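Presented below is the structure to which this report refers.
The values are calculated or read from the model by the stated rules, or taken from the named source; none is laboratory data. Computed from a predicted structure; not experimentally measured. FYI the Cβ positions are ideal-geometry reconstructions off the backbone, even for glycines, and counts take in every protein chain you see. Side chains are part of the model used for accessible areas, which takes the heavy atoms of the whole protein and leaves out ligands, DNA and RNA. Shrake-Rupley method; radii C 1.70, N 1.55, O 1.52, S 1.80 Å.
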Amino acid sequence: MRGKLNGRLVAAIVVALILAFIVNKNWGSASFFDSKNISTFLVVGIALGGIYAITAGGLVVTYATTGIFNFAHAAIGCFLAFVYWQLSHQYHVPLLLAMAITLLVVAPAIGILLDRVIMRRLRDASLVVQLMVTVGLMLTIMGLTLTIWSPKTSRTVPHFFESSKGVQIGSVTATWHRIITVVVALLVAVALRWLLYRTRLGISMRAVVDSRSLAGLVGAKPSVISGASWSLGCMTAGLAGILIAPETGLVVENLALIIIVAAAAAAIAQLKSIPMAFVGGLIIGLATAFSAVFLQFGKDYSYASEAIPCVILFIALLFLPQARLSTGKIRLTKRTERLTKPWEALLGAFAIVAIVGAWANGWIPWFTGTTFGQRSAIWLGRGAGFLVFGLVMISLIPLIGWAGQVSFANFAIAGIGALLFVHFGGGDGNPMGIVWVMLVCAPLGLLIALPALRLKGLYLALATMAFAEFTDKVIVRHPRLLDPSNSGVLYKPLKILGFSISSEATDRKAFVMFLVITFALLFLMLELLRRTRWARRWIAMSDSPAASATIGVNLTTSKMAVFMLSGAMAGFAGCMLGLQNGALRVDSFPMFAGLPIVLLLAVQGVRYPIAAFMGVLGLASFPAISELFGNPSWLTQLALIGPGIAAVAMAYRPEGAVFYTGRDVAGWLPWRQDARDEKKLLQAKEREQNIGKDEINDLGLTRPFTEDKVAQLDRVLAITDLVDEKKMVPGGAQ
Amino acid sequence: MTEPILSTQDIVVRFGVLQAVSHASIDVVEGRVTGLIGPNGAGKTTCFNVITGLQEPTSGKVFFNGRDITNKNPYKRARMGIARTFQKLEVFGSLSARENILVAAEQRKTWDRSGFDPNAVCNEMLEKVGLSDVSEFMVGTLPTGTARLVELARALALNPRVLLLDEPSSGLNEEETEEMASLLRTFVDEGLAVLLVEHDMSFVMGTCEYIHVLDFGTIIATGTPAEIQANPVVQSAYLGTETVEEAS
């Protein structure tokens, strides 16, 4: 015990020293002892912290009661802020009424809809599926908002009582908006507390957190409760969105990014304590205001203040207690599949090259026309881009699919890899640079995961998302890495095996061919790796960490190995990303850009290497569909909404398209008699156990107990024969 | 009495105000089956978790082969020779039955330098527990009883010195339970030490040479099966007339 405490103390001192150093180095001109500065800092910080506290509190309430971390929380808030704007500024509904409609009608309606259609199905889903569905929901809602309210028009939400002067506190004026914000935050805190501790609904909500089945037995209605908590989540998200919109402007990305803030506060609250979520929100608000008032980041780190929530999230993760290896939580899916044989994998690799090769060389008639899908330089360039994203996808298969470590950071690693490649040889056309980049990106992948290795999987997802945001705001904006004034092509054409590879139009076909061949080789490598002890160990670790540990698996080093492999693969993808783009800008790697890649892979089935190729086709389908319809304005956000909706659909089809189609198609292959047999077996089993949950519930109430139903029930419950009385009493047989 | 290979001394585990295990001392001796029985919630599984390192004890010590292993990681304990099965299945559901066992055999390679072939060990174990026919099926598709055998084979593939079995007979029918008991016998005769948590009393009384009885986290009796059955404390606290708890 003592050793751990000391360890934490040391960590705290180290973090404090580093923070003190950063603060000292970037101290601006403002004096800390000026009462005006102090009160500005406090007034701004507390008001901002209040908003963050509201949204974080709501997020924690939903997580604690439903067990689902809602990545779409801030996006929902963003959507509701737009609804409020539409009501109050377009339809001229009085402000208070507009707010009431938004928060008391629209928000609960969204919450209940989400609960009914999506979230209830996620209750027993794996973490990977839960994350993909809510991230998908985030992108869908963002895309919808952008479609309904075009980002080309700028919109502002005025502060409350903007014309009034506000209240003088010390030497600063606190605007009414800020005062209202703080009061509302306090009210929300009190209301949440009251709701959870003093009302019947709240007490059942807390009971559900402890044990869903037990709470159900004593009369709490889990369905009502989950509906209520999703509504509550949406209401807090909306309230925060409306309050913060005057500060950030009605910009979808800005409002949706508040999820990082909420996640950081939730991490401080260890995902369960509502008071601590409020404290967390306040800390982040104060830190942001502190940096705004006192700090002046140098021009190398001009966006550093926007990364404050990410940094706070990382610090919070360092101080979280280690996750216990829990038992009794494994999920046994009835998946019938077998390992891909090496010759099948080889066939697959050839098929990938053949399909893309035929397309790139114009041998597929339909794609050689002049309009849709024409094999123009544009589409060849796009094709190269999709294949590069495919390389990022394939880097995720061992990590997410096998080891179960959900990372949203691989696109960011690829981005860093692209920039490093400029310096490591790509700028001179030296192919060895790729190797150096991979060698740097492997430990980089590990570094990101390090703070979350000992924690549960959800924190890793949060940490990687925060890292992606941090990369966008701090790392790639450093002029040493990417000179913002250089807008030209940063790479010389690469000469490999007679291919000349670059972003030049004349090189594009060669580039596509090179990419698809390396992609196919990586595919083959993964298929072969799946048959080795490494992959087996990772899958075992993901299926049951506790059992893996008790057969002698060192979970930490196993995880580290898979992060390094994935990081190196992402680094390779990064080199290709750089070459394919040619010129890079500081805003080339926003956090949101990496998400559709992960989602499209997950939708195809993240444990199967071929899913990465299907993901590439999925990526290609969106601009193709848009083009087919003649690029209408309502399809401009298809690249967000498409992957989003597909991922949300995973609530219904969690194993991924490759699995479902594979299961059906395998039976068609002449040499797969085993698949046909197994399908028959499964169908027979399903027929036998064909008793729905509703049926069980209603049995004896609205449905009669018939003999065959009882027999089915026994089979489902695995009651084999009558209870053997003798077995129950020790020595009863005497 | 021979020196125990595994022993716990005064183990206390507290969850908040609830004392799940209080001052439990358990000895496990090589070449014999030691039973750990008690009503539901008595703290048996918690004891297993403490021994295998999944649960940190509030106080008390665990000794293995004369060494204090209380602060050792679960995987290090496995490498020293402690293997276990779980009350609720902890199989690797997305691997085939063969791969489940192979993973353990390959893992053993990292510390066991005897130059064995993991594939051969895997086949041997499949043979021994009688799973050769279903070895290529994904464990998720197997019935619970069969999956339990996979877990047992996985533990045995580590060639452990101590094997902890948490209710191995649940999900098995009477015939399978008997097979399991005779299988255990052969391993114990080769010198394996077994600690067995079990509700099936005929199984316990038939296989165990020595029994610890746990009730509300406290060891209330230890002794041979005959002594336990005759013990009045056990009779009143555990057997009583109430058998309801057992049925679950």
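Some points to look at:
- Answer residue from segment B:78-97, given it is crowded, with 24+ Cβ neighbours inside 10 Å and not in a loop (DSSP other than H, G, I, E, B) and is nearest to the other protein chains (Cβ to nearest Cβ) among those: B:ALA78
Residue-wise test of (1) part of a helix (DSSP H, G or I); (2) open to solvent by less than 10 Å² (accessible area, probe 1.4 Å); (3) free of Cβ contacts under 8 Å to residues at least 12 places away in the same chain.
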{"residue": "A:VAL388", "(1), (2), (3)": "yes, yes, no"}
{"residue": "A:LEU396", "(1), (2), (3)": "yes, yes, no"}
{"residue": "A:ALA414", "(1), (2), (3)": "yes, yes, no"}
{"residue": "A:VAL435", "(1), (2), (3)": "yes, no, yes"}
{"residue": "A:VAL440", "(1), (2), (3)": "yes, no, no"}
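- Boolean, A:SER621 is over 30 Å from A:LEU127 (Cβ atoms) and part of a helix (DSSP H, G or I): no
- Residue check, B:ASN40 in contact with a His (Cβ under 9 Å, 6 or more places away or on another chain) and surrounded by fewer than 16 Cβ atoms within 10 Å (Cβ to Cβ): yes
- The set of residues from segment B:104-140 being part of a helix (DSSP H, G or I), under 22 Å from the mean Cα position of the chain (by Cα) and of a type in the set (D, E, K, R) comprises B:GLU106, B:ARG108, B:GLU124, B:GLU127, B:LYS128.
- Matching residues in segment B:60-90 - criterion: being of a type in the set (Phe, Trp, Tyr), in contact (Cβ under 8 Å) with a residue 60 or more places away in the chain and farther than 11 Å from A:ALA547 by Cβ: B:PHE64
- The lone exception for A:ALA468 - which of (1) open to solvent by 10 Å² or more (accessible area, probe 1.4 Å); (2) modelled with pLDDT of 90 or more it fails: (1)
- Residue, least open to solvent (accessible area, probe 1.4 Å), within segment B:1-28, restricted to residues that are out of contact with any strand residue (DSSP E or B) (no Cβ under 6 Å at 6 or more places or on another chain) and closer than 21 Å to B:GLU227 by Cβ: B:THR2
- Only one of the numbered conditions (1) at pLDDT below 95; (2) assigned to a helix (DSSP H, G or I); (3) in contact with a helix residue (DSSP H, G or I) (Cβ under 6 Å, 6 or more places away or on another chain) is violated by A:VAL606, and that is (2).
- Which numbered condition A:PHE319 misses (of (1) surrounded by 15 or more Cβ atoms within 10 Å (Cβ to Cβ); (2) more than 10 Å from chain B (Cβ to nearest Cβ); (3) under 27 Å from A:ALA12 (Cα atoms)): (1)
- Residue within segment B:126-146 that is basic (Lys, Arg), farther than 27 Å from B:GLU198 by Cβ and more than 9 Å from chain A (Cβ to nearest Cβ) present: no
- When every residue of segment A:264-275 is checked against the conditions, none turns out to be within 14 Å of another protein chain (Cβ to nearest Cβ) and among the hydroxyl-bearing types (Ser, Thr, Tyr).
- When each of A:ALA304, A:ALA256 is tested for being on the phi < 0 side of the Ramachandran plot, open to solvent by less than 10 Å² (accessible area, probe 1.4 Å) and either away from chain B (no Cβ under 14 Å) or touching a strand residue (DSSP E or B) at 6+ places or on another chain (Cβ under 8 Å) (or both), the lone residue that passes is A:ALA256.
- Residue check, B:LEU165 crowded, with 18+ Cβ neighbours inside 10 Å, more than 11 Å from chain A (Cβ to nearest Cβ) and under 16 Å from B:PHE92 (Cα atoms): no
- Elements of type helices (runs of 4 or more DSSP H) contained in segment A:462-574, each with 1 or more residues being among the hydroxyl-bearing types (Ser, Thr, Tyr) and away from every other protein chain (no Cβ under 14 Å): A:508-529
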